1. Those residues that are within 26 Å of the chain's Cα centre (by Cα) and open to solvent by less than 30 Å² (accessible area, probe 1.4 Å), I need them from segment 291-328; list them, please.
2. Sort through Ala647, Ala660, Ala602 and tell me the only one that's modelled with pLDDT of 95 or more, touching a Ser or Thr at 6+ places or on another chain (Cβ under 9 Å), part of a strand (DSSP E or B) and crowded, with 21+ Cβ neighbours inside 10 Å.
3. Filter segment 556-571 for residues that are under 15 Å from the mean Cα position of the chain (by Cα), closer than 16 Å to Pro201 by Cα and either open to solvent by 10 Å² or more (accessible area, probe 1.4 Å) or of a type outside the set (S, T, N, Q) (or both) and give the result.
4. Go through (1) under 30 Å from Phe296 (Cβ atoms); (2) open to solvent by less than 10 Å² (accessible area, probe 1.4 Å) one by one and return the number of the condition Gly507 breaks.
5. Does Pro654 qualify as being open to solvent by less than 10 Å² (accessible area, probe 1.4 Å), touching a Pro at 6+ places or on another chain (Cβ under 6 Å) and not hydrophobic (A, V, I, L, M, F, W, C)?
6. For the structure I just gave you, tell me whether Ile581 is assigned to a helix (DSSP H, G or I), of a type outside the set (Ser, Thr, Tyr) and under 25 Å from Ser470 (Cα atoms).
7. When residues of segment 448-485 are filtered for being at pLDDT 95 or above and either in contact with a strand residue (DSSP E or B) (Cβ under 6 Å, 6 or more places away or on another chain) or among the charged types (D, E, K, R) (or both), how many remain?
8. Could you tell me whether any residue of segment 191-199 is closer than 12 Å to Thr503 by Cβ, out of contact with any Cys (no Cβ under 6 Å at 6 or more places or on another chain) and buried (at least 24 other Cβ atoms within 10 Å of the Cβ)?
Amino acid sequence: MVPGPEPVVNPFFGGPPAGRGRGAGAMCGMVRPMATIHGRASRRCAVQRDGGRPQRATGGREIARRVRAAGRAWGLWAGLVVAALASGGCRQPAPGSPSPGPSQPGPSPSAPAADAKAVPAGAAEGGGPRAADPLAVAEGGHGAVTSAALDATRVGLSVLEAGGNAVDAAVAVGFALAVTHPSAGNLGGGGFMVVRMAGAPPTTFDFREVAPRAASRDMYLGPDGDPTGDSRTGPKAAGIPGTVAGLALAHARFGSKPWRELVEPAVRLARDGHVLDTFHADDLRRGAEAMKKAGFETSARFYLRPDGSFYAPGDRWKQPVLAATLARIADDPRSFYEGPLAEALVQGVRDAGGIWSIEDLRAYRAKERPPIRFAYRGVEVITMGPPSAGGVVLRELFAASEALRMYEMPWRSVQEVHHHVEACRRVYADRNMLLGDPDFVKMPLDRLLDPAYVARRMKDVRPDRATPSSQVGSGPPAPHESVETTHYSVVDAAGNAVAVTTTLNLGFGSKFVVASTGVLLNDEMDDFSVKPGHPNAFGLVQGEPNAIEPRKRMLSSMTPTILVQDGALRAVLGTPGGPTITTTVFQIARALVDYGRPLPEAVEAVRVHHQWLPDVVFAEARIPPDLERGLAALGHEVRKRRAMGHANCIEVLPDGTRRAVADRSRDGGAALAY
């Protein structure tokens, strides 16, 4: 028997229990959660989708909606009972509602999928069966949250249940992840947020780190002219963090709950501790080992038991120093950038050889920027612009899909993946050599975002042969990151949506904790072109536009994205994974739009990536042998990785149901809904 999460009294806000019946597996063996979900649905008016605005359903429409919801719910419940009786235990039901989209590749992107069905929770495409997972998929009629840590997801759902909106929940989840998912959740890093709120145009928040004022172009080059390791390890690797400022700016713009109320759950998680699951216990071990190897014994102690041993699953991990820092931030987010806390951060960095100044922190500002918006086969895509390269790359990839008519090729066939690789090869040549911080670099965005330009770039794609990257240059003339990122998604009852991707760059960032604050610092300086033309930690070879300059934001791959169809919210997407981020989002979105796959299947599908240089097709280890052989026959060198990304995403079904998916087959996390 695979137990669901225990119904617990909501530890974060007053009101109903958090997580009750939210993942499908939580319904296992009990009638109450299912009855609660649909009893609550019957007490609240349905949310109809009209440009993201809530409207009350009336009369027969409301009755019909409830009948459909009840039929689906009781069908699911009956299936659970039968399965339990047959197997002697409880398994999560397959999320069987298909996603809206074409049933076959072709010209009609809005036709319902006749043959699309969710991959059962116990099956992984190309990877054989896996155990049923009660936290992988959750459905609800009002709100949904999915993130890399169960406790953080619970915090977000609690905010929604207490009447907060999607931005409120996103702020609370962000701070909770700084406590519960330290390899990437953070106070000492940065990220991007894409927001779609009722009554306001979509917008984005840029809280990417910036280079300190004392930074210089060649600061990481040794006497021989080659890069040293200082851009990846130690306090000198850290850019000025933006996470606190970014969450504060989003809250000031759209928040409805008091700031303190959204930070306090993280304070309690750090002060009182939270129970470690297997994934995060292993994560702490890896982090502590890496810190010891780097010579930061004091930093490692923050992730070890008091006796110096490693934490184990089931242990309660308390972080009193970080709790005190979070309490200061709960009083005033500017305390991170001015006053005693800011001074302690700067002193800790400088004492260990870093180059921060109090002026660096005081001058930091998060920025609200317009999103990149475009249409693809009847769906509007809303995503992040520079200094994230993600949105530009995503737009080029979708334009390439149209130019190459990739949607006519069978999903995950050799031909479809071959054309995907060839599109990525050309697009990443543009990404690596032409993009940078828009406040410092003039970029040819009008041309890069033009589908006609992309179509010309795809003219030399051969259907029968791979093109060597040595024959592919960047496009227009140019003027003179991390695997351990994390992504979370939130949708509220009004249809408001938030996609957030944050990072420390490499796992546990610089491996350096400012001991007096408990804040783990990023190593984002390596995301600059430390030496233009030389590969960074992810093998990306980048150009002059991303060279180091004081107060400049480094280029990023983060691609938080929102899809809108017929004026209504369709999906909230994103993932970590360094340069594989954008190609992962692209593949998930195409599975939804071009092939009508339900989100659980789209997230579970095998992922493939190419980034121009090195000239290698990166594929997940689960890649089907026939696909691998077919790519090799076309001249591609395939290099396998265990997994790519950790895509915690949400889709909205035609009846308004929010379906949250946590990418747990790759890396932990939890999806909850109500």
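1. Correct list: Met291, Tyr303, Trp317, Gln319, Leu322, Ala323, Thr325, Leu326.
2. Ala660
3. Narrowing segment 556-571 to residues under 15 Å from the mean Cα position of the chain (by Cα): 556-563, 571.
Now restrict to residues that are closer than 16 Å to Pro201 by Cα: 561-563.
Once the filter is applied, which keeps residues that are under 15 Å from the mean Cα position of the chain (by Cα), closer than 16 Å to Pro201 by Cα and either open to solvent by 10 Å² or more (accessible area, probe 1.4 Å) or of a type outside the set (S, T, N, Q) (or both), segment 556-571 yields Ile562, Leu563.
4. (2)
5. In short, no.
6. yes
7. Total satisfying the criteria: 8.
8. The first filter runs over segment 191-199 and keeps only residues closer than 12 Å to Thr503 by Cβ, leaving 191-192.
Then drop every residue that is not out of contact with any Cys (no Cβ under 6 Å at 6 or more places or on another chain), which leaves 191-192.
Right, trim to buried (at least 24 other Cβ atoms within 10 Å of the Cβ) and you get 191-192.
Looking through segment 191-199, at least one residue is closer than 12 Å to Thr503 by Cβ, out of contact with any Cys (no Cβ under 6 Å at 6 or more places or on another chain) and buried (at least 24 other Cβ atoms within 10 Å of the Cβ).
The values are calculated or read from the model by the stated rules, or taken from the named source; none is laboratory data. Quick caveat, the model's predicted, so the values are computed rather than measured. With ideal geometry, Cβ positions are generated from the backbone for all residues, glycine too; neighbour counts draw on all protein chains shown. Please note that ligands, DNA and RNA were not included when accessible areas were found on the heavy atoms of the full protein model with its side chains. Shrake-Rupley method; radii C 1.70, N 1.55, O 1.52, S 1.80 Å.
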